[in-house]
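Please treat every number below as a calculation from the coordinates, not as lab data. Just so it is clear, the structure is predicted and the values come from calculations on it, not from any experiment. Positions of Cβ are backbone-derived with ideal geometry, glycine not excepted, and every protein chain shown enters the neighbour counts.
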Amino acid sequence: MHPQTTTQAVDTAFYVIFAICGIMLAGIAVAMIWFVWRYNRKRQPVPLSQKDHNLWLEVTWTAIPTVLVMLMFWYGWEGYLSLRRIPDDAMHIKATGRMWSWLFTYDNGRSADKLFVPVGQPVKIELLAEDVLHSFYVPAFRVKRDMVPGMVNWVWFTADKPGSFDLFCAEYCGVGHSAMVTTVEALPAAEFQAWLNAAGSTGGDPAARGLELAGQLGCLGCHSVDGSRRVGPSLKGVFGAPRAVLRSGARATVTADAAYLKRALMEPAAEIVEGYPPAMPPYTQLSEADLAALLAWLESLK
Ligand SMILES: [Cu+2]
């Protein structure tokens, strides 16, 4: 007996344990109140019975809790097996967690910062942490799994209805941890296929492509584009503006030109904008085209 979805697997175990706890609570409370009333000292000043043991009573109070505890174990075990047994037809998606964003990559190369899934089809999410501990958590599908750098982990689930569901990082991973939140977007199968096969929607405009990349790479989790302060400095008007930076601990003022911004992306620790933590991971995997698109987008933020 293996439940169909991770939601059913977890909920069955939860409700069984909850029901047993409810019955025990009621039974113990009623028995306690009854004894307090029945054997009150005023009502019964002298003990009626001198018996010091009762075999059947002892067998009963050992056997019933054993059965109840084994029942809880059984449902928990069955639920756990369901969570760890991936259905054969599960679709593979790679989830990368990093300080402080999510990136989901599909087998055809499409990637997004939201987890798009088809309704009714199991998906196996391969979990990779790029820098520190993170945790993949989708309450709606009852899945939560820690992500450890250097260790591949996974979860699976099936979205049984279309909708948008919260996806959190559930392991404190630094100052921007609370920004590590996105959604699972469950789309009807045909709509999902159309999304999966869609070419870039930006029509060749490099600044628009840069914005798309900034979303996917998680830049916007730490940097605002409206001048407000977040984990990192705002990107509004940064292109060409003077920056006060710390270079190996020494203060310097530099102009945020293309070369500076490229360095800020590839080796962010080399020059830290004054007043901000050295929190940004290096983005060394960016292609020349992606870099150019990001620079075009930054230039457009005047
Ligand atoms: Cu995290």
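Would you mind ranking H53, H177 so that the residue whose beta carbon has the fewest other beta carbons within 10 Å leads the list?
H53, H177
How big is the stretch 95-234 along each principal axis, measuring the range of its Cα positions in Å and listing the largest first?
42, 38, 26
For the stretch 238-249, what does the Karplus curve 6.51 cos²θ - 1.76 cosθ + 1.60, with θ = phi - 60°, yield as ³J(HN,Hα) per residue in whole Hz, taken in order and with x for Gly and Pro?
3J(HN,Hα) across the stretch 238-249, in whole Hz: 5, 4, x, 8, x, 10, 8, 10, 10, 10, 6, x.
If a/c stays under 1.5 just call it rounded; otherwise compare a/b with b/c (prolate if a/b is bigger, oblate if not). Do that for the chain, with a ≥ b ≥ c from the square roots of the Cα gyration tensor eigenvalues.
Cα axes put the chain in the prolate bin.
Note the full-extension length gain between D88 and A250 as 0.36 nm times their separation in residues minus their Cα-Cα distance, in nm to one decimal.
Full extension of this stretch gives 52.6 nm more.
Taking the Cα-to-Cβ direction at Y276 and at T60 and moving 7 Å from each Cα, how far apart do the two end points lie in nm?
A separation of 7.1 nm, rounded to one decimal place.
Take the Cα radius of gyration of the stretch 6-84 and divide it by 2.2 N^0.38 Å, with N its residue count; two decimals is plenty.
Here the answer is 1.62, to two decimals.
For an R0 of 22 angstrom, estimate the FRET efficiency from the Cβ-Cβ distance between Q4 and A26 and round to the nearest 0.05.
Here the calculated transfer efficiency is 0.10.
If Lys and Arg each add +1 and Asp and Glu each add -1, what is the summed charge of the other residues whose beta carbon sits under 12 Å from the beta carbon of A13?
Counting the neighbours of A13, the net charge comes to -1.
Search the structure for amide H atoms under 5 Å from the amide H of M147, placed 1.01 Å from N in the peptide plane, and list their residues when 5 or more places away or on another chain.
Counting only residues 5 or more places away or on other chains, the set is H134, S135, F136.
So for the stretch 31-173, considering every pair of alpha-carbon atoms, how many percent are separated by more than 28 Å?
Tail of the P(r) past 28 Å holds 45 percent of the pairs.
Mean-square fluctuation check for the chain, GNM, Cα pairs under 10 Å: which of E288, E271, E212 is largest?
E288
To test your reading of the geometry: what angle, between 0 and 90 degrees and rounded to tens, separates the Cα axis of helix 206-217 from the longest principal axis of the chain?
30
What is the log10 of I(q)/I(0) for the stretch 206-299, computed with the Debye formula using one identical point scatterer on each Cα and no solvent, at q = 0.17, 0.19, 0.21, 0.22 Å⁻¹?
-0.70, -0.89, -1.12, -1.24
Rounded to the nearest Å, what's the spacing between the alpha carbon centres of the stretch 51-91 and the stretch 236-270? Just the number, please.
61
Out of the DSSP beta bridges found with both residues in the chain, what percent are antiparallel (nearest 5)?
Within the chain, antiparallel bridges account for around 75 percent of the total.
Determine the dipole magnitude for the chain: charges of +1 sit on the beta-carbon of Lys and Arg, -1 on that of Asp and Glu, nothing else is charged, the reference point is the Cα centre, and the result goes in debye to the nearest 20.
So the magnitude is around 1260 debye.
Work out how much length A292 to I33 would gain on full extension: take 0.36 nm times their residue separation and subtract the Cα-Cα distance, in nm to one decimal.
85.7 nm
Could you give the spread of the C-alpha atoms of the stretch 98-160 along their three principal axes, from largest to smallest, in whole angstroms?
Cα extents, longest axis first: 33, 27, 18 Å.
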